[in-house]
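The values are calculated or read from the model by the stated rules, or taken from the named source; none is laboratory data. Everything numeric in this text was worked out from a predicted model, so none of it was measured. Cβ atoms come from the backbone with ideal geometry, glycine included; neighbour counts cover every protein chain shown. Heavy atoms of the whole protein, side chains included, go into the accessibility calculation; ligands, DNA and RNA do not. Shrake-Rupley method; radii C 1.70, N 1.55, O 1.52, S 1.80 Å.
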Amino acid sequence: KYNLWLSKGLPIIYFDRLKSSVGINCFPNDNNSLELNGHNIGRNVMTRSLNNAITNLEVNTYTIIPFDLSNVAGTKLTETNDGGIQIGSNISKILVSGMCSYDTINSNGSRHVRIIKNSYTSNNTLAWSWQTLIQSQPAQVEVMPILANVQEGDIIYMLYYTGNAADKIGGNSYGCRTSLTVDVVC
């Protein structure tokens, strides 16, 4: 029979029955999670989209798209009432992407889409895309996935920019054509 005293340290694997979580090389921080070296490796992703089209658009200014539908996996991202996605705890990097569909274009010219965090400034812009569109031809302006740094409490928004108030941004259940996606990396 042996009695050994172990010094304090991290276990190789830890089963937390109170949190219903497992930590590998760490003690788990979250409930119902599998965590590796202090990072929850469960999937956390949210897509916000529009239920209805937006008309009477603001012109010559970046305006938040008021997303009103959400599809989410995980617990680290939260929808906001003004169309954003709020970042939860222990998140430092995300992938952002989006698409703005114009059902109606009432004049030739460029249309812009920006993905920002918190408020519109150049420093808060995570991704930006623009396209020159042709009158009377529906089109999409897309933002391909971009890796961005964030911290707890940041809110991610997508903004549109147009020079014609009579344009119409499409939003319906046919594939959620105007949408913003945030995917947690770590």
Test residue 96 against the criterion of being open to solvent by less than 40 Å² (accessible area, probe 1.4 Å), within 30 Å of residue 166 (Cα to Cα) and modelled with pLDDT of 95 or more, and give yes or no. yes
Of all residues in the range 71-91 being outside any loop (DSSP other than H, G, I, E, B) and over 14 Å from residue 157 (Cβ atoms), the one that is most open to solvent (accessible area, probe 1.4 Å): 71
Among what's in the range 1-22 and is of a type in the set (Ser, Thr, Tyr) and open to solvent by 90 Å² or more (accessible area, probe 1.4 Å), pick the residue that is nearest to residue 68 (Cα to Cα). 7
For residue 99: the one exception among (1) in a strand (DSSP E or B); (2) touching a residue at least 24 places away in the same chain (Cβ under 8 Å); (3) farther than 22 Å from residue 52 by Cβ: (3)
How many of the residues making up the range 2-26 are within 22 Å of residue 87 (Cα to Cα) and part of a loop (DSSP other than H, G, I, E, B)? 1
Hey, can you tell me all the residues within the range 122-140 that are touching a residue at least 24 places away in the same chain (Cβ under 8 Å) and closer than 15 Å to residue 181 by Cβ? 126, 127, 140
With respect to the numbered conditions (1) touching a residue at least 12 places away in the same chain (Cβ under 8 Å); (2) surrounded by fewer than 17 Cβ atoms within 10 Å (Cβ to Cβ), which one is the sole condition not fulfilled by residue 111? (2)
Could you grab me the full set of residues in the range 142-167 that are surrounded by 13 or more Cβ atoms within 10 Å (Cβ to Cβ) and either at pLDDT below 95 or not in a strand (DSSP E or B) (or both)? 150, 154, 162, 163, 164, 166, 167
Matching residues in the range 102-137 (within 22 Å of the chain's Cα centre (by Cα), assigned to a loop (DSSP other than H, G, I, E, B) and within 22 Å of residue 50 (Cβ to Cβ)) number 3
Out of 101, 122, report the one residue that is at pLDDT below 95, surrounded by fewer than 17 Cβ atoms within 10 Å (Cβ to Cβ) and out of contact with any Cys (no Cβ under 9 Å at 6 or more places or on another chain). 122
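Select, from 25, 31, the only residue that is of a type outside the set (Phe, Trp, Tyr), open to solvent by 50 Å² or more (accessible area, probe 1.4 Å) and at pLDDT 90 or above.
Numbers: 31 fails: at pLDDT 90 or above.
Going through 25, 31 in turn, just one is of a type outside the set (Phe, Trp, Tyr), open to solvent by 50 Å² or more (accessible area, probe 1.4 Å) and at pLDDT 90 or above: 25.
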Residue in the range 49-67 that is under 13 Å from the mean Cα position of the chain (by Cα), among the polar types (S, T, N, Q), farther than 13 Å from residue 159 by Cα and surrounded by 14 or more Cβ atoms within 10 Å (Cβ to Cβ) present: no
